[in-house]
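Working notes, structure below.
The values are calculated or read from the model by the stated rules, or taken from the named source; none is laboratory data. Note that this is a predicted model, so its numbers are computed, not measured. Note: ideal-geometry Cβ built from the backbone for every residue, glycine included; neighbour counts use all protein chains shown. Areas reflect the complete protein model, heavy atoms only, side chains present, ligands, DNA and RNA absent. Shrake-Rupley method; radii C 1.70, N 1.55, O 1.52, S 1.80 Å.
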Amino acid sequence: DWLRTTDFYTAPASTRYHDSIPGGLLVHSLKVYNQMIELHKVPVFNNVDIAEATIVALVHDWCKIGFYEPYQKNVKNEATGQWEKETAYRVNQKGIPLGHGVTSLYLAMKMFRLSVDQALAIRWHMGEYNVADNEVNELQKANAEHPMVYLIQFSDRIAASNYC
């Protein structure tokens, strides 16, 4: 019920990179889920609980709920030489200032009782791209001891690429 009151189904996944379209956040979440299912077939990930990883794949970017706002920007149509309005997205700064992974973890914990593996996978889903210098050891420990963390990181990276 809560999710239906948000912009999860209409929000973009980013301002101009992967899935920066209306509904892109949902599209990206489903891409992460699909990649996770494929990567789960790799022997190193076979012992990861698939049901737990499914929840993580679908909620890992909840921090982006209510995070972007649309605006109109002028773009030159190269064919006609005319300037045209195009919808674009920007960060609206109204989010919870906990950081990317921690905000998603906070929101998910309000809805689900998460295992340690799930909490770590949500927290560290950005890998080394969103870690402070004083957190490197925690990230490395999470990656080394909890295969779900890498599973979600890899799934997210592939889903955000042009590969799928």
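Observations
- Principal-axis analysis of the Cα atoms of the chain puts helix 100-111 at an angle of about 70° to the longest axis.
- Among His28, His125, His18, residue whose mean-square fluctuation peaks in a GNM of the chain (springs only between Cα atoms under 10 Å): His18
- Looking at the chain, the accessible area is 59 square angstrom per residue; that uses a 1.4 Å probe and ignores ligands, DNA and RNA.
- Separation of alpha-carbon centers, region 134-149 and region 1-54, rounded to whole Å: 21 Å
- Orientation-averaged projection of region 28-74 equals 4.6 nm² [convex hull of Cα atoms, one quarter of hull surface area].
- The long axis of helix 136-145 is offset from the longest Cα principal axis of the chain by roughly 60 degrees.
- Packing-based ranking, highest mean first, of 31-39, 4-12 given that Cβ atoms within 10 Å are counted: 31-39, 4-12
- Sulfur and carbon atoms: percent of accessible area, region 74-123 [1.4 Å]: 53 percent
- Summing charges over all other residues whose Cβ lies under 13 Å from the Cβ of Ala160, with Lys and Arg as +1 and Asp and Glu as -1, gives +1.
- Lysine pairs meeting the criterion (Cα under 30 Å, 8 or more apart or interchain), as found in region 1-155: 21
- The residues neighbouring Ser115, those whose beta-carbon lies less than 14 Å from its own, together hold a net charge of -2 under the Lys/Arg +1, Asp/Glu -1 convention.
- Helix 24-39 vs. the chain, principal-axis angle (Cα, 0 to 90°, nearest 10): 40 degrees
- Cα-based shape type of region 16-120, given that a ≥ b ≥ c are square roots of the gyration tensor eigenvalues and the cut on a/c is 1.5: oblate
- Relative contact order of region 30-164, defined on C-alpha pairs under 8 angstrom at six or more residues apart (%): 30 percent
- Estimated 222 nm signal from helices in the chain, with DSSP H stretches of n ≥ 4 weighted -39500 (n - 2.57), rounded to 500: -13000 deg cm²/dmol
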